[in-house]
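The values are calculated or read from the model by the stated rules, or taken from the named source; none is laboratory data. This is a predicted model, so every value here is computed, not measured. Please note: Cβ atoms are built from the backbone with ideal geometry, for glycine as well, and neighbour counts cover all protein chains shown. Surface accessibility is based on the protein's heavy atoms, side chains included, excluding ligands, DNA and RNA. Shrake-Rupley method; radii C 1.70, N 1.55, O 1.52, S 1.80 Å.
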Protein chains: 2
Amino acid sequence: MTENLTIKNNDSRHELRSLVNSQLRLLLEQNNLQGAKSLLVPVQPVDIAEAIGDLPEAMQLMAFRLLNKTEAIDVYENLDSDIQQSLIAEFKRQEVLDIVDKMSPDDRVRLFDELPAELVSRILAQLSPEERRATNLLLGYGENTAGRIMTPEYISLPAHLTLGETLERLRTQATVSELIYYVYVTDESKRLKGVISLRDVVINEPHQTLEEVMQSDVVYATTEIDQEKVAKLIQRYDFLAIPVVDRESRLVGIVTVDDVIDILEQEATEDIYALGAVQSDGDNYFDTNLFVVARRRVSWLLVLLLTNTFTGSIIGAQEDILSEVTVLAAFIPLLIDSGGNVGTQSSTVVIRGLSTDELKDLGVGKVVLREAIAGTILGLGLGLITIVWAYLLPQSDKNITVAITVGLSLMAISVLASVAGSFLPFVFKFFKLDPALMSGPFITTAVDVLGVLIYFNIARSMLGF
Amino acid sequence: MTENLTIKNNDSRHELRSLVNSQLRLLLEQNNLQGAKSLLVPVQPVDIAEAIGDLPEAMQLMAFRLLNKTEAIDVYENLDSDIQQSLIAEFKRQEVLDIVDKMSPDDRVRLFDELPAELVSRILAQLSPEERRATNLLLGYGENTAGRIMTPEYISLPAHLTLGETLERLRTQATVSELIYYVYVTDESKRLKGVISLRDVVINEPHQTLEEVMQSDVVYATTEIDQEKVAKLIQRYDFLAIPVVDRESRLVGIVTVDDVIDILEQEATEDIYALGAVQSDGDNYFDTNLFVVARRRVSWLLVLLLTNTFTGSIIGAQEDILSEVTVLAAFIPLLIDSGGNVGTQSSTVVIRGLSTDELKDLGVGKVVLREAIAGTILGLGLGLITIVWAYLLPQSDKNITVAITVGLSLMAISVLASVAGSFLPFVFKFFKLDPALMSGPFITTAVDVLGVLIYFNIARSMLGF
């Protein structure tokens, strides 16, 4: 068994995980606890957490109790929050002390955020005073701030220590902290004076002092800034962790790169959902109640009803021309689809550009102008193709006037949609509204209403109505 | 000046950057090279790179030459690729040796990927034999593979060394490698045997051997796997770096977490662009030629023409009913917009779920069923609202039959769009096509064509045509 478990890459790794998951279940069903225990020995904590998550609920606690104390903490931190919840509700007092008390404070706070308030206070009461203090400190900061997501487990030392002494200190202190990529240098009132990477501690001469080798130009975050900004700082400077200071510039915690990856993924998901017209609140969509799902999706659709009150009344007012040239109705979907599409293209690149650094110093004017030109090129090309296409379609009865009307409208709509699609995200950003969420409905409204208006006006003048 | 430069957080950091940028330009214009040089001393390399990028092109080389050798390498690695290119074209032979030869091989390869072939071979010829070999090795792997993005700068040591000896070795070897989060343990034929974090080297007893403390259960990537999979492995296991092995299981490089963050951002951008119907190739959209932009956006729009050939001919065939009940045309935009919107909502969550781990083990059946139910709830709600809304609109002349037709159609379209939107991404994934890119056009086609067909069929039977 153990032989096989050393095959660890990519797809074979995936197969291996499935194998562990099914084996674990089999062994537990046979009540072979010793076998299950040895199966899990060489497996990574995150993979064990997945295997436990795949078990029927009745077996999860049993499987979890097979783990030794150190491993149990790592595995628990990696469980899905619903499984964390169901386990914690059944934990004995000793398990709370062995596991929840030993979790990183940031992971513990993330867990508490999901739990019912009375369970949180019961668990808090069972924690050691030190861990309770650490947890309450983090819980005191607003959601999604640096203070809430940081961990107070870091190494800080005074500037006068030599690197040799530093290594000695690390040997005794490091068990407290999982994360020693950096040693932070602080003064007696805990103010941040400098930083030195563990690498630099190791490679420099042992008799040098921290002061001599530290970097005093420290990039840091303050407790109240948004987690997304913290993530961007770590991303920009390629750090493994960033120190967090309070209002008095005292070091109070660090945010680590592994959390930042998760934050960036979560922010990208929120952007994608917003662009796809789905509201999100950071929960897993696929774990969410279907009525909640419907509610989160309905608001955008109601906006469409409003939009279509205008579009519909414009079309409704064309009874004279429509009853004679009914084929005009056949091209409405094309104009609506194309306008929506061109507008979405422009807004997508602008919205993504605003949330990454790609847009940089290009001003609103330049971006909108670029999009307007791109829209014109697109519109000219598409318009000409459409004239030929519409002329050849059976339903247009080779009516060249209708074909030209459709082509000209498409050109105008393409320019209009590009301008609206690139300009509106800036407007929403200026008013501190989320461009990803707001742009869609407004672009659709602008493009539908104006597009249909343009179309029927061109048709009227071309067809002499 | 230096006093002020220690304010380093968030927004004040941003102001500081602008200040450095404008000061640098001023000093260079006054030809005050000494002043410019001291201005940049306390600034982080990535910020210096940005400041140089903001200068007029004529000043960039001048500013770059103010930097000392070590700093110049860091700054150069952080420059935008167009500025890297224009600088490298002007580098003297000595500068190539001082900078390009000293870059990390992975950064160098990323640079070479952007340069014209003849410049690459000229520069390659000027590199030291060792660096040339390292570069050629990476260039030999396919684009976007682990082999192409890895760096061959890592620390590998034999298992019998004690931790004390390891620290000694690091002190002499570490200058070679910027990145020593982990020490990899290899045998005489370079096969990967284990891994130990620098933390564990430091905190354990110096007389212990690597073999005693190393983790032999190593998660690794192979050279030919896709960079996105490498990123997912680092993300899953919260690593700072992952070892890369060749077909003979020999350690050949590592991929580090800072590169992974950039890969994940790039992949998210590609997904967002694809969902927004814009093709991307990893370039910065806003630096791309407008005709290329138009070409990348046109393919989706041409698909719409094809779609609308069907939709248009369905509507074209309704001359009899449309010429009498022209108001039916007024509701086409609502049905098209709502169907598109519901379909996009479903496909967005499924596509994102497929590319993150959220969907997990939910099968196709369960997901589509969930979406179908959500679509039904949505459809019922929206349909009922729409009946009232359509009845009250002036253009419907209080025609309750038309209002009910629109409402019923919307219900049917909502279910249809949810099913198509959730099912099609799985189909494309099964056929190894990118769901983000392919789903949009097909969902629009299905929803438009079937939606219009449903609408006019309901209208015909309700209105007795």
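Quick notes on this one:
- Nearest-ten-degree value, helix A:69-78 long axis tilted from longest Cα axis of chain A: 10
- DSSP bridge analysis restricted to the range B:155-261 gives an antiparallel fraction near 70%, rounded to the nearest 5.
- Within the same chain, lysines fewer than 8 places from B:Lys229 are excluded, and of the rest, those with a Cα less than 19 Å from its Cα are A:Lys8, B:Lys360, B:Lys429, B:Lys432.
- For the range A:285-463: rounded, prolate or oblate by the Cα gyration tensor [a/c cutoff 1.5]: oblate
- Alpha carbon convex hull of the protein assembly as shown, projected area averaged over orientations, nm²: 41.6
- Helix B:364-392 axis, angle to chain B major axis (alpha carbon atoms, nearest 10°): 50
- Calculated [θ] (222 nm, deg cm²/dmol) that DSSP helices of n ≥ 4 give over chain A, each run adding -39,500 (n - 2.57): -21000 deg cm²/dmol
- Charge dipole of the range B:285-463 (Cα centre as origin; +1 on each Lys and Arg Cβ, -1 on each Asp and Glu Cβ, all else neutral): 400 debye, rounded to the nearest 20.
- Prolate/oblate/rounded call for chain A, Cα gyration tensor, a/c under 1.5 rounded: prolate
- Using a 7 Å projection from Cα along Cα-to-Cβ, the label point at B:Met62 is separated from the same position in the remaining copies by 7.8 nm, smallest value first.
- Cross-link partners for A:Lys102 among the lysines, with Cα-Cα distance under 28 Å and sequence neighbours closer than 8 places in the same chain left out: A:Lys37, A:Lys69, A:Lys92, A:Lys190, B:Lys232.
- About its Cα centre, the range B:155-261 has a charge dipole of approximately 80 debye under the convention of +1 per Lys or Arg Cβ and -1 per Asp or Glu Cβ, with nothing else charged.
- Under 5 Å, built H, 5+ apart or other chain: amide partners of A:Ile155: A:Tyr184
- Top positive-direction residue, dipole computed over the range A:155-256 with Cβ charges, set A:Ala159, A:Leu240, A:Val201: A:Leu240
- Anisotropy class of the range A:155-256 from Cα gyration tensor, a/c 1.5 cut: prolate
- For A:His14, the distances from its label point to the matching points in the remaining copies are 4.0 nm, ordered from shortest, with each point set 7 Å beyond Cα toward Cβ.
- For a straight C-alpha distance cut-off of 18 angstrom, the aspartates and glutamates reachable from B:Lys398 (same-chain residues fewer than eight places away being disregarded) are A:Glu319, B:Glu324.
- Looking at the range B:276-351, the pairs of alpha carbons with a distance over 13 Å make up 78% of the total.
- Once the Cα atoms are used to define both axes, helix A:435-463 deviates from the longest principal axis of chain A by about 10 degrees.
- Rounded to the nearest 20, the Cβ-based charge dipole of chain B about its Cα centre (Lys and Arg +1, Asp and Glu -1) stands at 860 debye.
- The value given for the range A:1-155 is a Kirkwood hydrodynamic radius of 16.7 Å, derived from the mean inverse Cα-Cα separation.
- Inter-centroid distance (Cα atoms) of the range B:390-405 relative to the range A:231-297, Å: 46
- Averaging over all projection directions, the Cα-based convex hull of the range B:248-297 occupies 5.4 nm² in the image plane.
- Heavy atoms of B:Lys398: accessible area, 1.4 Å probe, square angstrom to 10: 110
- Per-residue shielding of A:232-243, expressed as the average number of other chain Cβ atoms within 10 Å of the residue Cβ, stands at 4.
- Sorted shortest first, the distances from the A:Phe310 label point to those of the same residue in the other copies are 3.1 nm; each point sits 7 Å from Cα along Cα-to-Cβ.
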